[in-house]
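See structure below.
The values are calculated or read from the model by the stated rules, or taken from the named source; none is laboratory data. As the structure is a computational prediction, the values presented were derived from the model and not from experiment. Here the Cβ positions follow ideal geometry from the backbone for every residue, glycine too, while neighbour counts run over all protein chains shown. Please note that ligands, DNA and RNA were not included when accessible areas were found on the heavy atoms of the full protein model with its side chains. Shrake-Rupley method; radii C 1.70, N 1.55, O 1.52, S 1.80 Å.
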Amino acid sequence: MVTSGSSSNNNAGAFTTIKETVTFEKEIKKSKFIAIAGPISNEQSAQSFLSQVSDPRATHNCWAYKVGNQYRSNDDGEPSGTAGKPIHSAIVSSGLDRIMVVVTRYFGGIKLGTGGLVRAYGGVASECLRNAPTILVKSRVPMGVEVPFELLGILYHQLQLFQVEDTNQDYDTGKDGIAMVTFKVDFDRAENLEDAIKNNCRRDLVFYKH
């Protein structure tokens with residue numbers, strides 16, 4: 001069973017994800033469970049990751065992923081709600097984002113029951129994520145500012161100090177002697193950059209934020 005949906009608690013500013021693919025293995029009542037977690041960016045990369053780490057010889061390859069406020073999970077033949085949901089819950093509990101966890105099970109002949117399955121899938125997913133090296137990723141926000149030609153040097157000095165990216169300038173603004181400069185800056189530095197530009201240029205400049 002595949003479950004998908006979205007939630008409203010998405011933080012668009014920054015997120016913590018895992019640096020690399022990690023694995024955790026545990027035997028529970030003769031069944032072998034292998035959890036594999038990896039960073040993903042969207043549904044397409046999630047499908048690619050799933051195809052890479054799934055074992056077609058295994059009894060089940062259950063999974064869940066979370067990208068921002070979008071998530072999906074799959075029980076892959078286990079009783080409904082006993083695998084994909086616990087894996088998803090482990091991801092949510094970890095506080096990590098843009099990751100996928102695939103838990104492969106090799107059946108050992110002893111049934112675990114619904115409660116046992118929930119604990120097994122959720123447990124190995126949690127352990128896998130607990131041991132994973134993490135990294136904080138800051139998103140960059142697009143900004144723009146209208147600036148007189150004679151202040152472009154001062155502006156670009158500030159942009160360099162704040163390590164902005166994707167800088168572009170447009171002289172065809174319809175305003176004499178005014179250029180539009182657009183760029184992307186770390187979300188948590190945008191306000192400080194705007195203040196620095198105003199203070200150094202000593203003008204009331206027009207800023208645009210997206």
Hz values of 3J(HN,Hα) by residue in region 126-143 - Karplus curve (6.51, -1.76, 1.60), Gly and Pro given as x: 4, 4, 4, 6, 5, 8, 7, x, 10, 8, 8, 10, 9, 8, 9, 9, x, 9
Helix axis angle, 43-53 relative to the chain longest principal axis, alpha carbon, degrees: 40
Peptide ranges 60-68, 172-180, 85-93, 103-111 listed from the most packed, as the mean C-beta count within 10 angstrom indicates: 60-68, 85-93, 103-111, 172-180
Packing-based order for 138-150, 121-133, using average beta carbon neighbours within 10 Å, highest first: 121-133, 138-150
Length gained when the stretch Phe162-Thr21 is fully extended (0.36 nm per residue, less Cα-Cα span): 47.6 nm
Between 0 and 90°, nearest 10: helix 152-161 axis offset from the chain longest Cα axis: 30
Heavy-atom accessible surface of region 14-136: percent carbon and sulfur, 1.4 Å: 47
Cα-based convex hull volume of region 14-136 per residue, rounded to whole Å³: 86
Over 20 Å [Cα-Cα, the chain], rounded percent: 63
Rg followed by Dmax, in Å, when region 139-209 is reduced to its Cα trace: 11.1, 34
For the chain, calculated [θ]222 nm from helices alone, where every DSSP H run of n ≥ 4 adds -39500 (n - 2.57): -9000 deg cm²/dmol
The chain, accessible area per residue, ligands and nucleic acids excluded (1.4 Å, Å²): 54
Accessible surface, 1.4 Å probe, highest first, among residues Asp204, Asp166: Asp204, Asp166
Evaluated over region 95-164, the Cα radius of gyration and Dmax, each in Å: 24.9, 78
Ordering of 36-43, 113-120 by packing [mean C-beta count within 10 Å, highest first]: 36-43, 113-120
Length gained when the stretch Arg140-Lys184 is fully extended (0.36 nm per residue, less Cα-Cα span): 15.3 nm
